[in-house]
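Take a look at the structure set out below.
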Amino acid sequence: MRTTGEGRGSGIPLEGEIGHIFSFREGRAAELETHRGWEKALEAAGLG
């Protein structure tokens with residue numbers, strides 16, 4: 001996921017990538033892990 005925003009006080013533009021890993025139990029989302037960047041998420045999932 002690509003995120004963008006602006007510093008509340010400074011007005012400085014911000015952007016970055018976030019990678020999510022979902023765990024499912026019995027067909028339903030049970031857990032969500034958030035990682036800074038796609039590569040970090042792939043490594044945490046054992047795919048990178």
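The values are calculated or read from the model by the stated rules, or taken from the named source; none is laboratory data. This is a predicted model, so every value here is computed, not measured. Here the Cβ positions follow ideal geometry from the backbone for every residue, glycine too, while neighbour counts run over all protein chains shown.
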| remark: Checked against (1) modelled with pLDDT of 95 or more; (2) surrounded by 10 or more Cβ atoms within 10 Å (Cβ to Cβ), T4 satisfies every condition except (2)
| What are the pairs, 6+ residues apart or on separate chains, where a residue within segment 7-32 that is farther than 29 Å from G46 by Cα has its Cβ under 6 Å from a residue that is modelled with pLDDT under 95 and part of a loop (DSSP other than H, G, I, E, B)? | none
| Residues of segment 7-29 being over 19 Å from G48 (Cα atoms), within 18 Å of the chain's Cα centre (by Cα) and either among the β-branched types (V, I, T) or surrounded by fewer than 10 Cβ atoms within 10 Å (Cβ to Cβ) (or both), which ones? | E15, F24, A29
